[in-house]
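Q: Take this structure first; my questions come after.
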Amino acid sequence: MLHKLIAQSTAARPAGLPAQDKLFRVRSGPFAGRLLAIFARTPLTLAWSSADAPYTSWFAPADVITDSADEPYAAVMDDQANVCVAYTQQTTGALRCVKLTFASGTWATQSPATVYDSAPTTNKYPSILMDLYGRLWIAWTLDDAGSVSLHVKKSLDDGLTFGAGAADAGTDLSGTATSAFGQLIARATGIHCLFTLGGTVLKNRDIDLDASIWNPTDTLYTGTGLNSDFSVAVAPDGTLGILFTADGSLFLKEHDGAVWGALQTVTAGSATSPALRYIGSVPYAFFLQSIGTDQRQHVESHRAGQSFTTPAGTLTQLSPFSSVLCFDAAAGIPYADMTVAAAGQAGADVYHPASGALLAQPSDALFLGLDDRFSLVRVLLSTAGVGGAVEWSYWNGAEWMTFTPYSGASDFDSANTSVRLFADTASAPADWQKTVVNGLNRYWIRVQVTTAFTVAPIGSQMTAVANSSDIIPLR
């Protein structure tokens, strides 16, 4: 499976919030299938990049605007591949909308329009959509000196103006609270806005497409931990679903067009950055699940019968290792299988039983193996090494090829290290091949001691799982 670095960012939330769309596919025409990613490249700059199948090569990022606050943003693409981006302006706190017009395979930035601007308010966390009539809707959080509320406006002129103009605050959907996060979604009959308030309640309001007044609020859930971690989607049969985190678990609620159904538990454990998609009538939940310090694995669970499947990893190159072997040439049994210990979170349990160390003397080696090429190693040590040096290598079909990791030399001298082997898996050496080590055929990285350690490292956990922060699902 492809794992490609598009760009590096210095923004606080490069991918925005889970509830906001940022990745799109051109649906028709000569450029059908082209992907477009919108992201925060710096705290002030929103940019776009695109790629064609097989998506191994992305165009250099092009700036959309350079006056964004370091806040989340949202985007929507129409049937002609034009894109509207809603964002917070850095100097004023105003909510703005900028259109990217698609022509000849590229996107040209138009002049931004102000959705709402009334000092001293700050307007943030937008959600934007286009309804079946082609009207643009934006819901956002209005923060007036700590008095927070969720508002919505629409545009009838393709985003040139919203409501009665920049001084019009639109419709207050929520009333005041300490926090508010919302997401708009369109159905055949109307518009829904799903939102959380004050971290304690999840609500829904909707409006018929031809109506001018929003319907009364439905309260869907009351609890704790209700924030921006939720996602909404509509199934082909019109079922509306919301996937959300609360009270330490991940839940789903669905609306069949008439009533909201019973609460469904996806996983009774921690989950972040959820994304909901329907395949037919089956809801699929994608989310990040912590498997250890600074490691959040991308997993999937879907409804099978009356319950959801056990979450399973979706990215073979960002997962616990299939094999972890400690090698000590001086030991009676040179290979020690530490796969189970390396995947777990118990401390000081990854070492060769003969030496009591992960690595110690020259020619000692650590073999890390997966069934797919990978580009990252997370190393957690209970005892950091002192005085030693190692070399990293991969098998090219004939010999072990030494290389310096993309993130720089790493000698197991830090208790918590993320070793970036290559920029991404698409950049892994083309000649990296599987080979058999101790009877196991894998893609292996060998870490071999070249200088003896005066204090030998002892491992606690080693995986190929990154500390991911957000998922950007394709819309």
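The values are calculated or read from the model by the stated rules, or taken from the named source; none is laboratory data. The structure displayed is predicted, hence computed values, not measured ones. Cβ sites come from the backbone with ideal geometry, for glycine too, and all protein chains shown count toward neighbours. We work out accessible area using only protein heavy atoms, side chains counted, and drop any ligands, DNA or RNA first. Shrake-Rupley method; radii C 1.70, N 1.55, O 1.52, S 1.80 Å.
Q: How much of the accessible area of the range 245-371, in percent, comes from carbon and sulfur atoms when a 1.4 Å probe is used?
A: 55 percent
Q: Along the Cα→Cβ direction, 7 angstrom out, place labels at residue 213 and residue 420. What is the inter-label distance in nm?
A: Those two pseudo-labels are separated by 5.5 nm.
Q: Counting heavy atoms of the protein chains only and a 1.4 Å probe, report the per residue accessible area for the chain as a whole number of Å².
A: Here the residues of the chain average 40 Å² of exposed surface.
Q: Let me check I've understood the local charge: for residue 256, count other residues with C-beta under 12 angstrom from its C-beta, Lys and Arg +1, Asp and Glu -1. What total comes out?
A: My count for the surroundings of residue 256 gives 0.
Q: Relative contact order for the range 20-138: what is it in percent, counting Cα pairs under 8 Å that are at least 6 residues apart?
A: Relative CO of the range 20-138 lands at 19 percent.
Q: Lys/Arg Cβ at +1, Asp/Glu Cβ at -1, dipole of the chain taken about the Cα centre: which of 293, 165, 428 is farthest positive-ward?
A: Of the listed residues, the answer is 428.
Q: Now for a separate question. Positive end of the dipole of the range 21-137, charges at C-beta (+1 Lys, Arg; -1 Asp, Glu), about the Cα centre: which of 129, 116, 68 has its Cα farthest in that direction?
A: Of the listed residues, the answer is 129.
Q: Could you list, in their original order, any pairs among 4/124; 4/153; 22/253; 22/153; 4/434 whose Cα atoms are separated by more than 26 Å?
A: Too far apart for the 26 Å limit: 4/124; 4/153.
Q: When the scattering of the chain is computed by the Debye formula from its Cα atoms alone, each counted once and equally, what is log10 I(q)/I(0) at q = 0.06, 0.07 Å⁻¹?
A: Once normalised to I(0) and log-transformed, intensities are -0.32, -0.43.
Q: Give the calculated FRET efficiency between residue 309 and residue 409 to the nearest 0.05, with a Förster radius of 45 Å applied to their Cβ-Cβ distance.
A: 0.60
Q: May I pose another question? Over the chain, what is the relative contact order in whole percent, taking alpha-carbon pairs under 8 Å and six or more residues apart?
A: Here the relative contact order equals 11 percent.
Q: For a Förster distance of 56 Å, can you work out the FRET efficiency between the beta-carbons of residue 91 and residue 389, rounded to the nearest 0.05?
A: 0.65
Q: Only Lys, Arg, Asp and Glu count, each charged at its Cβ (+1, +1, -1, -1), so figure out the dipole size of the range 53-208 about its Cα centre, rounded to 20 debye.
A: 260 debye
Q: Counting other Cβ atoms within 10 Å, which chymotrypsin sites (Phe, Trp or Tyr not before Pro) in the range 321-423 have at most 16 and lie in a DSSP loop?
A: Taking the range 321-423 and a limit of 16 other Cβ atoms within 10 Å, the loop chymotrypsin sites (Phe, Trp or Tyr not before Pro) found are 406.
Q: Would you work out which of 107, 307, 242 lies farthest towards the positive end of the dipole of the chain, given +1 charges on the beta-carbon of Lys and Arg and -1 on that of Asp and Glu, about the Cα centre?
A: Most positive-ward Cα: 107.
Q: Next question. Per 0.36 nm of contour for each residue apart, how much would the distance between residue 133 and residue 28 grow if the chain were fully extended, relative to their Cα-Cα spacing?
A: Gain on extension, residue 133 to residue 28, equals 35.9 nm.
Q: On to the next question. I'd like the trypsin sites (Lys or Arg not before Pro) in the range 26-90 restricted to DSSP loop residues with at most 16 other Cβ atoms within 10 Å, sorted by number.
A: Hits after loop and neighbour filter: 27.
Q: Would you compute the Debye intensity of the range 279-431 from its alpha-carbon atoms alone, equal scatterers and no solvent, and pass along log10 I(q)/I(0) at q = 0.14, 0.15, 0.17, 0.21 Å⁻¹ to two decimals?
A: The computed values of log10 I(q)/I(0) come out as -0.79, -0.88, -1.08, -1.52.
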